[in-house]
Amino acid sequence: MPYHTRRKKKKSELPMPFTQAYATLTVETLMKREMTNRNRWLYLGAGFLLTGLAVVGLFLPLLPTTPLLLLAAACFARSSEKWHRWLTEHNVFGPIIRNWHENRCIPRRAKITAVASIILFGTYAIGFAIKNPYIQIPGAILLLFGLVFVVCIKICADECDD
């Protein structure tokens, strides 16, 4: 727009002076911003860690890729639009996440791996590694809930392999 056609701003449209803008901030607002920033970095770090574990899960048969990717996508959605977009548009990981978001389904291989992991590692932990019954009983209940949840998830019609 040429300079001579620009209109002058009214006094009410002018930006707030620097000191006045910071005078309106309260201690609670500043603490909330700091906490939000801290949470953002925690979610971002967790997203990268979970994505790294998911990559390792592509090559190790007992490390479930799909649940790790879904958790990573949730962490990135809370922390960084850029990394969430990267993960959901990725050639390998994108279809897995999109299937979950759109259809609430997981690939057959992911479901079999998750069920086998829960049964194998859960049985070992509850039966052999943990000797305290006050830990065994809640642990067994949590494993049972996890197993029922995974079994109830539907399998995707068009498979996208991990």
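Here are the numbers for this structure:
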| read-out | value |
| --- | --- |
| Residues located in segment 24-36, provided they are open to solvent by 80 Å² or more (accessible area, probe 1.4 Å), in a helix (DSSP H, G or I) and either at pLDDT 80 or above or not acidic (Asp, Glu) (or both) | VAL27, LEU30, MET31, LYS32, ARG33, MET35, THR36 |
| Qualifying residue in segment 135-149 (condition: touching a residue at least 12 places away in the same chain (Cβ under 8 Å), in contact with a helix residue (DSSP H, G or I) (Cβ under 9 Å, 6 or more places away or on another chain) and closer than 20 Å to ALA46 by Cβ) | yes |
| Verdict on CYS152 being of a type outside the set (Asp, Glu), out of contact with any Asp or Glu (no Cβ under 8 Å at 6 or more places or on another chain) and open to solvent by 70 Å² or more (accessible area, probe 1.4 Å) | yes |
| Cross-chain or 6+ apart pairs with Cβ under 7 Å, segment 90-109 first and without any contact (Cβ under 8 Å) to a residue 60 or more places away in the chain, then acidic (Asp, Glu) and open to solvent by less than 50 Å² (accessible area, probe 1.4 Å) | PRO107/ASP162; ARG109/ASP162 |
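The values are calculated or read from the model by the stated rules, or taken from the named source; none is laboratory data. Quick caveat: nothing in here was measured; it's all calculated off a predicted structure. Virtual Cβ from ideal backbone geometry, glycine too; neighbours counted across all protein chains shown. Keep in mind that these areas ignore ligands, DNA and RNA; they rest on the heavy atoms of the full protein, side chains included. Shrake-Rupley method; radii C 1.70, N 1.55, O 1.52, S 1.80 Å.
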